[in-house]
Amino acid sequence: MELHDLRPAEGSRKNRKRVGRGHGSGNGKTSGKGHKGQKARAGYSRRHGFEGGQMPLHRRLPKRGFRHQKRFAHSIVNVDLLNDTFNDGDEVSSVALIKIGLADETGGGVKILGRGEVTKKLTVRVQAISEGARKLIEGAGGTVTIEQKAPTAKPEAPAAEKS
């Protein structure tokens, strides 16, 4: 094989369409654009969903659903991860879970679910917990406290005293 023998694979390269080059080409006169109208003009491009001026589908259909602005999802952590990560007697808080990467910082805080087993006595302070998880933690001798406020990465500044 020599350099002058190299060719692209059969069918991989295609000649460009040369429009407006006479009737014999099949794309002469109007260059395959038909007669007159908006789409025959130079520079034509339509926006996504445009239906020729007719009311487009996304505006013909009714709006559905509702998302409450104050509703936030919980970051989920299962009790088997708590058992694997923390030592006996440790305090498990939502801030600690976020710091070690077991939970994400969300507006709703952290919720503990009951997958797995707990063999350690843990003190759990989170925003929500399932009944099964509560039974597992309390059954192992631990305690559960529900906090109202979701944790934030930025510590709150102390209130300035007025003098």
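Computed from the coordinates by the stated procedures, all read-outs in this text should not be read as laboratory data. In this text, all values refer to a predicted model and were calculated from it rather than measured experimentally. Note that we place each Cβ from the backbone using ideal geometry, even for glycine, and neighbour counts take in every protein chain shown.
Stretching Thr123 away from Gln69 to a fully extended chain increases their span by 16.2 nm, per 0.36 nm per residue minus the current alpha-carbon distance.
Between Lys17 and Ser31, the contour length at 0.36 nm per residue exceeds the Cα-Cα span by 4.0 nm. Computed over neighbours whose Cβ is under 9 Å from that of Gly142, the net charge equals +1, Lys and Arg +1, Asp and Glu -1.
Beyond 29 Å in Cα-Cα separation lie the following of the pairs Lys121/Lys149; Lys120/Lys149; Lys63/Lys99; Lys14/Lys39: Lys63/Lys99. Based on C-alpha pairs under 8 angstrom that are at least 6 apart in sequence, the chain has a relative contact order of 15 percent. Going out from 0 in 10 Å bins, what whole percent of all Cα-Cα distances in the stretch 75-146 drops into each bin? Reading upward from the zero bin: 23, 63, 14, 0.
What the Cα convex hull of the chain gives, in volume per residue, is 452 Å³.
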